[in-house]
Amino acid sequence: MLENLTAQPEDAILAMMDAFRADPRADKIDLGVGIYRDAAGTTPVMAAVKQAEQALLDQQATKAYTSLGGDPAFTRAIADLVLADSIDPALVTGVGTVGGTGAVRQGLDLARLANKGATVHIPDPSWPNHRAIVQAVGLGCKTYRYFDAETGGLDHDGLIADLAAISAGDIVLLHGCCHNPTGADPDPAQWDQIIDTIKASGATVMIDLAYLGFGDGLDQDAQATRKIVQQIPEVIIAVSCSKNFGLYRDRAGAVLVTAPTAEAAQTIYGNLATLNRLAYSFPADHGAKVTEMILNDATLRGTWATELSDMRVRINTLRAELATALRDATGSDRFAFLGSQRGMFSRLGATPEQLRILREDHGIYIIGDGRMNIAGLSSKDIPRLAQAIATVCA
Ligand SMILES: Cc1ncc(COP(=O)(O)O)c(C=O)c1O
């Protein structure tokens, strides 16, 4: 039977990781895979995580199963972190998931249980796994205009026009902050217009929040999500702890859902718990427990917030340095958008041929759509990177 299987398309990012590893050049630069790296080029375990893990090792008395929704203290802590006091906690439910990917999957599976005819509208472009998961779940997938490649900013008029055409029963997927792959986020006034437009359409909102704290700050990055839950009665929020807690491989995440009534929230919880049961029974606990311990302990939380702030400042400094170096190297403001965008990623706006030359002649690895992981850069590489981009892309 299994001989009926055909080969799956190669994952572009993983293929590029292999090619990067095999490249013998000492000065090669990896802007492909989406992980944060510090000035030394490493992705260390955060100090707050180490301390929480040590305490967990000392204190944990059992590894008996939690509940189908995972540890309720974890989902509550995540709901507090994301939503603060923007909404009555009785209207919020949620379960632990396998990372942010699991949260997207369980959230979309929940939507399918509610309306199997729903179409999910994702931004163009979006994280490639969005379309893949929507299709795997069996829902329709359409894109709405989002990015203006000319300016490196939002195509706000196109975005609003496309959102206005969406109907109730469908789902609009939004990136809560730090849009992947473009780094282009709406400003507060644009968010207001987006929310008004979706509210008028009656569509359900799904927010993917994988980079909370990587843009302008924890509260600033949660602002749009908090406004949305205040104005739109049904919101599904996929939260990842991979980047902001550095827990990539521990797979901590949660799907939160807001409902118009506490009763509806309970029914939603039951459905999410069943979806967990069907997929893996219980979500992994280790990373979730560590996250909960950090968020619920003032000292650990303070340590974590400082470490997160250091990461954010580093990314935004790298952005500013790269934008300045490119202005100097090209004599134009063409790449100024890199300085004002937020999060780990931006799109260079290069052709596949230019990306090939950057890779083959300069050892600079950028994936096929031109997405660069700025958070993977080192300051010392910026002059060479800017010179290479100016030479190849001018
Ligand atoms: C937009 C977006 N959503 C969700 C995720 C999922 O993250 P994870 O499953 O590693 O927690 C990612 C990770 O790259 C992402 O970029």
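Quick check: residue separation of residue 199 and residue 297 times 0.36 nm, minus the Cα distance between them. What number comes out in nm? If you can, show how the numbers build up before the last one.
Details: separation 98, 0.36 × 98 = 35.28 nm, distance 3.72 nm.
Stretched out fully, the residue 199 to residue 297 stretch lengthens by 31.6 nm.
Could you check the spin-label model distance between residue 12 and residue 80? Points 7 Å from the Cα along Cα→Cβ, value in nm.
Distance between the two pseudo-spin positions: 4.1 nm.
Output wanted: per-residue J couplings in Hz (rounded whole) for region 120-134, from phi through Karplus 6.51 cos²θ - 1.76 cosθ + 1.60, θ = phi - 60°, x for Gly and Pro.
9, 9, 10, x, 10, x, 9, 4, x, 5, 4, 4, 4, 6, 3
Kindly write out, for region 53-65 in residue order, the coupling ³J(HN,Hα) from the Karplus curve 6.51 cos²θ - 1.76 cosθ + 1.60 (θ = phi - 60°), rounded to whole Hz, with x marking Gly and Pro.
Couplings: 5, 4, 5, 5, 4, 6, 9, 5, 9, 8, 10, 4, 3 Hz.
Need one number: convex hull volume per residue for region 253-328, Cα atoms only, in Å³. Write down the numbers at each step before the final one.
Working: hull volume 12.7 nm³, N = 76.
So the per-residue hull volume is 167 Å³.
Find which of 204, 320, 296 sits farthest along the positive direction of the dipole of region 198-353, computed with +1 on the beta-carbon of Lys and Arg, -1 on that of Asp and Glu, about the Cα centre.
204
Based on the Cβ-Cβ distance from residue 25 to residue 353, what FRET efficiency comes out when R0 is 22 Å, to the nearest 0.05? Walk me through the intermediate numbers first.
Working: r = 20 Å, r/R0 = 0.93.
Calculated transfer efficiency: 0.60.
Going down the list 63/243; 142/380; 50/142, which pairs span over 31 Å between their C-alpha atoms? Write down the numbers at each step before the final one.
Values: 63/243 26 Å; 142/380 41 Å; 50/142 42 Å.
Checking Cα-Cα distances, 142/380; 50/142 exceed 31 Å.
Run the simple label-point estimate for residue 279 and residue 113 please: 7 Å along Cα→C-beta, distance reported in nm.
Rounded to a tenth, the inter-label distance reads 1.1 nm.
If you split all Cα-Cα distances of region 65-296 into 10 Å bins from zero, what percentages do you get per bin, shortest first?
Using 10 Å bins, I get a P(r) of 8, 36, 39, 15, 1, 0 for region 65-296.
Full-extension gain between residue 361 and residue 57, please, as 0.36 nm times their residue separation minus the C-alpha to C-alpha distance. Let's see the in-between values first.
Numbers: separation 304, 0.36 × 304 = 109.44 nm, distance 4.88 nm.
So the chain would gain 104.6 nm between residue 361 and residue 57.
Quick check on region 30-103: what does the Kirkwood estimate of hydrodynamic radius come out to from the alpha carbon pairs, in Å?
Numbers: mean 1/r = 0.0641 Å⁻¹.
Result for region 30-103, one decimal place: 15.6 Å.
Once the dipole of region 1-121 is set up with Lys and Arg at +1 and Asp and Glu at -1 on Cβ about the Cα centre, which of 78, 89, 111 lies farthest towards its positive end?
Final value for the positive-end residue is 111.
Over the Cα atoms of region 255-392, Rg to Rh with Kirkwood Rh, two decimal places?
1.16
Report, to the nearest whole %, how much of the accessible area of region 65-296 belongs to carbon and sulfur atoms, 1.4 Å probe, protein only.
50 percent
In what sequence, highest mean first, do 336-347, 107-118 appear when ranked by Cβ atoms within 10 angstrom?
Values: 336-347: 22.2, 107-118: 18.2.
Order by mean packing, descending: 336-347, 107-118.
Would you mind getting the Kirkwood hydrodynamic radius of the chain from its Cα pairs, rounded to one decimal in Å?
Working: mean 1/r = 0.0458 Å⁻¹.
Hydrodynamic radius (Kirkwood, Cα only) of the chain equals 21.8 Å.
Grab every C-alpha pair in region 30-180, bin the distances at 5 angstrom width from 0 up to the longest one, and report whole percents.
Values per bin, smallest distances first: 2, 7, 12, 14, 17, 17, 14, 9, 6, 3, 1, 0.
Rolling a 1.4 Å sphere over the protein heavy atoms, what is the accessible area per residue of the chain, to the nearest Å²?
Details: 17310 Å² over 394 residues.
Per-residue accessible area for the chain comes out at 44 Å².
The values are calculated or read from the model by the stated rules, or taken from the named source; none is laboratory data. From a predicted model like this one, the values you see are computed outputs, not experimental measurements. With ideal geometry, Cβ positions are generated from the backbone for all residues, glycine too; neighbour counts draw on all protein chains shown. What goes into the accessible areas is simple: the full protein's heavy atoms, side chains included, and nothing from ligands, DNA or RNA. Shrake-Rupley method; radii C 1.70, N 1.55, O 1.52, S 1.80 Å.
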